[in-house]
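The structure under discussion appears below in the form of C-alpha coordinates.
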Amino acid sequence: MDRYAIIEDGTVVNVAASTRALAPNWKRSSGAKIGDSYNASTSKYTTPALVEVVPSSVTRYQLKIALIAIGKVGVLRTYIDASGEETKAYFADASEMNRDHPEIELLRVGIGITGKQVDALFRAASIIN
(Lines give C-alpha, C1' and ligand atoms only; values in the text may rest on other atoms or scores of the structure.)
Protein backbone atom coordinates (compact mmCIF):
# COMPACT_ATOMS: atom_id res chain seq x y z
CA MET A 1 0.00 0.00 0.00
CA ASP A 2 1.29 3.44 -0.94
CA ARG A 3 0.95 6.75 0.89
CA TYR A 4 -0.83 9.60 -0.88
CA ALA A 5 -1.06 13.32 -0.19
CA ILE A 6 -4.47 14.78 -0.98
CA ILE A 7 -3.94 18.22 -2.51
CA GLU A 8 -6.38 21.14 -2.64
CA ASP A 9 -5.31 24.54 -3.99
CA GLY A 10 -1.64 23.60 -3.65
CA THR A 11 -1.90 22.51 -0.01
CA VAL A 12 -1.86 19.03 1.50
CA VAL A 13 -5.23 18.72 3.25
CA ASN A 14 -4.95 15.04 4.17
CA VAL A 15 -2.81 11.94 3.71
CA ALA A 16 -4.08 8.44 3.02
CA ALA A 17 -2.84 4.90 2.45
CA SER A 18 -4.17 3.25 -0.69
CA THR A 19 -3.25 0.81 -3.41
CA ARG A 20 -3.86 3.55 -5.99
CA ALA A 21 -4.74 7.22 -6.35
CA LEU A 22 -8.50 7.52 -5.91
CA ALA A 23 -8.75 11.01 -7.45
CA PRO A 24 -6.59 13.31 -9.61
CA ASN A 25 -5.63 15.36 -6.54
CA TRP A 26 -4.09 12.30 -4.82
CA LYS A 27 -0.30 12.45 -5.26
CA ARG A 28 2.04 9.67 -4.14
CA SER A 29 4.26 10.87 -1.32
CA SER A 30 6.33 9.21 1.35
CA GLY A 31 6.74 12.23 3.60
CA ALA A 32 4.16 14.94 2.91
CA LYS A 33 2.33 16.29 5.95
CA ILE A 34 -1.00 18.05 6.30
CA GLY A 35 -0.38 21.76 5.76
CA ASP A 36 2.59 21.30 3.42
CA SER A 37 2.60 23.21 0.13
CA TYR A 38 2.69 21.22 -3.09
CA ASN A 39 4.36 22.51 -6.27
CA ALA A 40 2.71 20.70 -9.19
CA SER A 41 5.44 21.66 -11.66
CA THR A 42 8.22 20.12 -9.55
CA SER A 43 6.14 17.55 -7.60
CA LYS A 44 7.87 18.76 -4.42
CA TYR A 45 6.42 19.39 -0.98
CA THR A 46 7.47 22.27 1.26
CA THR A 47 6.70 22.60 4.95
CA PRO A 48 5.78 26.23 5.69
CA ALA A 49 7.61 28.12 8.42
CA LEU A 50 5.81 28.23 11.73
CA VAL A 51 4.16 31.53 12.53
CA GLU A 52 4.09 32.45 16.17
CA VAL A 53 0.73 33.95 16.95
CA VAL A 54 0.62 36.87 19.35
CA PRO A 55 -2.58 36.96 21.40
CA SER A 56 -4.59 40.12 20.80
CA SER A 57 -5.28 40.40 24.53
CA VAL A 58 -4.51 38.88 27.91
CA THR A 59 -6.04 39.53 31.31
CA ARG A 60 -4.53 42.13 33.60
CA TYR A 61 -3.61 39.28 35.99
CA GLN A 62 -1.84 37.32 33.23
CA LEU A 63 0.18 40.35 32.15
CA LYS A 64 1.18 41.14 35.72
CA ILE A 65 2.35 37.55 36.41
CA ALA A 66 4.30 37.54 33.12
CA LEU A 67 5.97 40.83 34.12
CA ILE A 68 6.85 39.33 37.51
CA ALA A 69 8.45 36.38 35.70
CA ILE A 70 10.79 38.67 33.74
CA GLY A 71 11.56 40.90 36.72
CA LYS A 72 9.72 43.96 35.39
CA VAL A 73 6.77 44.30 37.77
CA GLY A 74 8.62 46.86 39.91
CA VAL A 75 9.40 48.89 36.80
CA LEU A 76 5.72 48.61 35.85
CA ARG A 77 4.65 50.03 39.22
CA THR A 78 7.13 52.89 38.91
CA TYR A 79 5.93 53.60 35.35
CA ILE A 80 2.26 53.61 36.37
CA ASP A 81 2.92 55.80 39.44
CA ALA A 82 4.71 58.36 37.23
CA SER A 83 1.98 58.31 34.56
CA GLY A 84 -1.20 60.27 34.06
CA GLU A 85 -4.69 59.36 35.19
CA GLU A 86 -5.63 57.65 31.91
CA THR A 87 -2.69 55.24 32.19
CA LYS A 88 -3.45 54.60 35.85
CA ALA A 89 -7.10 53.91 35.00
CA TYR A 90 -6.17 51.54 32.17
CA PHE A 91 -3.86 49.41 34.28
CA ALA A 92 -6.17 49.48 37.33
CA ASP A 93 -9.56 49.01 35.67
CA ALA A 94 -9.25 47.31 32.28
CA SER A 95 -9.93 43.59 32.63
CA GLU A 96 -8.25 42.85 29.29
CA MET A 97 -4.87 44.21 28.21
CA ASN A 98 -5.02 44.61 24.41
CA ARG A 99 -1.72 44.19 22.56
CA ASP A 100 -2.55 47.02 20.17
CA HIS A 101 -3.68 49.48 22.85
CA PRO A 102 -1.62 52.70 22.94
CA GLU A 103 -0.99 52.23 26.68
CA ILE A 104 0.84 48.97 25.95
CA GLU A 105 3.14 50.81 23.53
CA LEU A 106 3.75 53.52 26.15
CA LEU A 107 4.43 50.78 28.70
CA ARG A 108 6.91 49.15 26.30
CA VAL A 109 8.87 52.37 25.98
CA GLY A 110 8.48 53.16 29.69
CA ILE A 111 9.92 49.87 30.91
CA GLY A 112 12.55 49.61 28.17
CA ILE A 113 11.60 46.50 26.19
CA THR A 114 11.29 45.89 22.45
CA GLY A 115 8.15 45.16 20.44
CA LYS A 116 9.32 41.55 20.04
CA GLN A 117 9.71 41.29 23.80
CA VAL A 118 6.14 42.58 24.24
CA ASP A 119 4.96 39.92 21.78
CA ALA A 120 6.83 37.26 23.76
CA LEU A 121 5.38 38.67 26.98
CA PHE A 122 1.84 38.38 25.60
CA ARG A 123 2.50 34.81 24.40
CA ALA A 124 3.85 33.85 27.82
CA ALA A 125 0.99 35.63 29.61
CA SER A 126 -1.64 33.88 27.50
CA ILE A 127 -0.78 30.45 28.98
CA ILE A 128 -0.99 31.59 32.61
CA ASN A 129 -4.13 30.39 34.38
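The values are calculated or read from the model by the stated rules, or taken from the named source; none is laboratory data. The model shown is predicted, which means the values in this text are computed figures rather than measured ones. No Cβ is skipped: glycine too gets one built from the backbone with ideal geometry, and neighbour counts run over all protein chains shown.
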Of all residues in segment 81-111, which are part of a helix (DSSP H, G or I), surrounded by 15 or more Cβ atoms within 10 Å (Cβ to Cβ) and not charged (D, E, K, R)?
T87, Y90, F91, I104, L106, L107, G110, I111
Those residues that are more than 11 Å from F122 (Cα to Cα) and in a strand (DSSP E or B), I need them from segment 39-80; list them, please.
N39, K44, Y45, T46
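How many residues are among the basic types (K, R), farther than 24 Å from A32 by Cβ and either exposed (fewer than 13 other Cβ atoms within 10 Å of the Cβ) or within 12 Å of the chain's Cα centre (by Cα) (or both) if we restrict to segment 43-63?
Let us first name the residues in segment 43-63 that are among the basic types (K, R), namely 44, 60.
Okay, now just the ones that are also farther than 24 Å from A32 by Cβ, so 60.
Checking which are either exposed (fewer than 13 other Cβ atoms within 10 Å of the Cβ) or within 12 Å of the chain's Cα centre (by Cα) (or both) leaves us with none.
Of the residues in that region, 0 qualify.
Being surrounded by 13 or more Cβ atoms within 10 Å (Cβ to Cβ) and among the aliphatic types (A, V, I, L, M) is the filter here, so list the residues in segment 1-12 that pass it. First the steps, then the outcome.
Looking only at segment 1-12, we keep the residues that are surrounded by 13 or more Cβ atoms within 10 Å (Cβ to Cβ), and these are 2-7, 11-12.
Selection gives A5, I6, I7, V12.
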Out of contact with any Asp or Glu (no Cβ under 9 Å at 6 or more places or on another chain), modelled with pLDDT under 90 and farther than 30 Å from V15 by Cβ: does that describe L107?
yes
Could you list, in sequence order, the residues of segment 14-38 that are under 15 Å from D2 (Cβ atoms) and in a strand (DSSP E or B)?
N14, V15, A16, A17, S18, W26, K27, R28
Taking the stated definitions as given, is T114 of a type in the set (S, T, N, Q), modelled with pLDDT of 90 or more and crowded, with 17+ Cβ neighbours inside 10 Å?
no
I need the full set of residues from segment 15-36 which are surrounded by 15 or more Cβ atoms within 10 Å (Cβ to Cβ) and either touching a residue at least 24 places away in the same chain (Cβ under 8 Å) or hydroxyl-bearing (S, T, Y) (or both), in order please.
S29, A32, D36
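Would you call E85 under 21 Å from the mean Cα position of the chain (by Cα) and either at pLDDT 90 or above or of a type in the set (D, E) (or both)?
Values: under 21 Å from the mean Cα position of the chain (by Cα): no; either at pLDDT 90 or above or of a type in the set (D, E) (or both): yes.
So E85 does not fit the description; no.
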